[in-house]
């Protein structure tokens, strides 16, 4: 009997200690999150050498820290130019395609962020049910990001 109680306590404690997946951590299997809670997906394409990308990344962090908007209403996927991990989104596995030594591109970039065969950093795309509802290939201020997120939230919550 004591053994059963001890096992039950261990199971209960371990279930409370499991940390929920933070959708803002750049998870690579967005489909599993969308299956649980359908939300718009923000794809933020950046490069480590891009100072405007760093500014916008900080803006996303500021919005996350100051409001629950990103936590509750969106999934944010940050895709660095050097991203080589597969990313599953809307039923498709997007892979990194090498083009030489340390050169290549991610299929996610090719499908969503390329404009006339070119990609400008930073690029922000917002998808709702695999359709682009917002796209910009330039830097945005924190205020503009916040305004866009609220507009998209209003459109997609109806």
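The values are calculated or read from the model by the stated rules, or taken from the named source; none is laboratory data. No experiment lies behind these values; they were computed from the predicted model shown. Methodologically, a virtual Cβ is constructed for each residue, glycine included, from the backbone with ideal geometry; neighbour enumeration extends over all protein chains shown.
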Counted residues, segment 90-119 - those being farther than 21 Å from residue 137 by Cα and either assigned to a helix (DSSP H, G or I) or touching a residue at least 40 places away in the same chain (Cβ under 8 Å) (or both): 2
If you take the residues in segment 18-41 that are modelled with pLDDT of 85 or more, in a loop (DSSP other than H, G, I, E, B) and surrounded by 12 or more Cβ atoms within 10 Å (Cβ to Cβ), which one is farthest from the chain's Cα centre (by Cα)? 38
Residues of segment 121-138 classified as surrounded by 14 or more Cβ atoms within 10 Å (Cβ to Cβ) and either in contact (Cβ under 8 Å) with a residue 40 or more places away in the chain or out of contact with any helix residue (DSSP H, G or I) (no Cβ under 7 Å at 6 or more places or on another chain) (or both), total: 12
I want to confirm something. Restricting to segment 123-158 and keeping residues that are part of a loop (DSSP other than H, G, I, E, B) and closer than 19 Å to residue 40 by Cα, which single residue is modelled with the highest pLDDT? 140
Working only within segment 46-62, note down all residues that are over 25 Å from residue 131 (Cβ atoms) and either assigned to a loop (DSSP other than H, G, I, E, B) or in contact with a helix residue (DSSP H, G or I) (Cβ under 7 Å, 6 or more places away or on another chain) (or both). 47, 48, 49, 50, 62
Looking at residue 5 and the list (1) at pLDDT 90 or above; (2) out of contact with any strand residue (DSSP E or B) (no Cβ under 9 Å at 6 or more places or on another chain), which single condition is not satisfied? (1)
Which of the residues belonging to segment 74-89 are more than 20 Å from residue 132 (Cβ to Cβ) and part of a strand (DSSP E or B)? 80
Is it fair to say residue 65 is loosely packed, with under 13 Cβ neighbours inside 10 Å, at pLDDT below 90 and part of a helix (DSSP H, G or I)? yes
Does segment 81-114 hold any residues that are within 23 Å of residue 145 (Cβ to Cβ) and either touching a helix residue (DSSP H, G or I) at 6+ places or on another chain (Cβ under 6 Å) or crowded, with 16+ Cβ neighbours inside 10 Å (or both), and which are they? 81, 83, 87, 89, 106, 108, 109, 112, 113
